[in-house]
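First comes the structure, then the notes that go with it.
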Amino acid sequence: MNTRTLLLLLILLSALSACSRNPEVTKRRYLESGVQYAKQHKYEEARIQFMKALKVDPRFGDAYYQMGLADIELQKWNDALANFQQTLELDPERVDARLQLGQLFTAAHQFDQAHEVTMAALKKNPKSVDAYRLLGHICVGEQNLTAAEEALTKVTQLDLGNASSYEDLAVVEVGLHHLPQAEQSL
């Protein structure tokens with residue numbers, strides 16, 4: 001082996017060694033590994049990787065968020081709730097975590113809490129189609145069809161090409177006996 005090849009090999013080994021000791025690189029690797037497991041529907045394995053990332057950096061919001069998504073798939077509702085709340089504690093700007101919380105609260109018929117986190121999401125992103133859609137579903141759960149119609153109308157304005165948005169709106173309009181509007185929505 002010539003000197004140049006040996007030198008390149010030493011540089012490469014040194015770089016690899018430095019990467020394995022860099023906490024930022026390590027936690028990102030665990031996160032990506034967990035995401036890959038989740039894509040394969042291996043949610044327990046994904047959780048393990050996310051927990052490893054959190055051991056490297058206990059303030060790693062992305063790992064809490066991803067673990068919350070895995071928890072939903074595993075039907076670990078309380079764990080998911082805690083992980084999304086931790087995500088928001090670390091990064092209050094995360095609209096996606098707020099929407100996940102809103103969906104969990106809606107599924108649990110905790111409409112006041114669902115409404116609160118969804119409105120906070122809309123405050124952060126006033127053009128969030130997903131937030132308005134969730135708000136519409138919350139209002140349906142609360143049996144406030146007028147507010148549901150208003151929220152779902154906003155969804156159709158923001159998401160023009162989505163047929164399911166118009167279907168959701170039409171169902172609410174039928175419930176309100178606004179049959180001509182429901183027909184138009186369909």
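Taking first residues from the stretch 74-101 that are in contact (Cβ under 8 Å) with a residue 12 or more places away in the chain and closer than 10 Å to Ala121 by Cβ and partners that are among the acidic types (Asp, Glu) and part of a loop (DSSP other than H, G, I, E, B), the Cβ contacts under 9 Å between residues at least 6 apart in sequence or on separate chains come to Ala97/Asp91.
Only a single criterion out of (1) buried (at least 18 other Cβ atoms within 10 Å of the Cβ); (2) touching a Lys or Arg at 6+ places or on another chain (Cβ under 7 Å) is not satisfied by Arg133, namely (2). Among the numbered conditions (1) crowded, with 20+ Cβ neighbours inside 10 Å; (2) not in a helix (DSSP H, G or I), the only one that Lys127 does not meet is (1).
In this structure, does Leu122 turn out to be modelled with pLDDT of 90 or more, crowded, with 17+ Cβ neighbours inside 10 Å, farther than 23 Å from Gln75 by Cβ and more than 24 Å from the chain's Cα centre (by Cα)? Quick ask: steps written out before the conclusion?
Details: modelled with pLDDT of 90 or more: yes; crowded, with 17+ Cβ neighbours inside 10 Å: yes; farther than 23 Å from Gln75 by Cβ: yes; more than 24 Å from the chain's Cα centre (by Cα): no.
When the stated conditions are applied, Leu122 does not pass them.
In the stretch 156-167, the residues that are under 14 Å from Leu134 (Cα atoms) form Cβ pairs under 9 Å with partners that are among the aromatic types (Phe, Trp, Tyr) and open to solvent by 50 Å² or more (accessible area, probe 1.4 Å), at six or more places apart or across chains, as follows: Thr156/Tyr166.
Every test in (1) part of a helix (DSSP H, G or I); (2) open to solvent by 40 Å² or more (accessible area, probe 1.4 Å) is passed by Ile138 save one, and that test is (2). If you filter the stretch 76-119 down to residues that are among the aromatic types (Phe, Trp, Tyr) and open to solvent by less than 50 Å² (accessible area, probe 1.4 Å), you find that the one that is nearest to Gly136 (Cα to Cα) is Phe111. Looking only at the stretch 141-152, residues that are farther than 15 Å from His178 by Cα and crowded, with 18+ Cβ neighbours inside 10 Å come to 1 in all.
The values are calculated or read from the model by the stated rules, or taken from the named source; none is laboratory data. Note that the structure is a prediction, hence the values are computed from the model and not measured. No Cβ is skipped: glycine too gets one built from the backbone with ideal geometry, and neighbour counts run over all protein chains shown. For the accessible areas, the whole protein counts, side chains as well, though only heavy atoms, and no ligand, DNA or RNA atoms are used. Shrake-Rupley method; radii C 1.70, N 1.55, O 1.52, S 1.80 Å.
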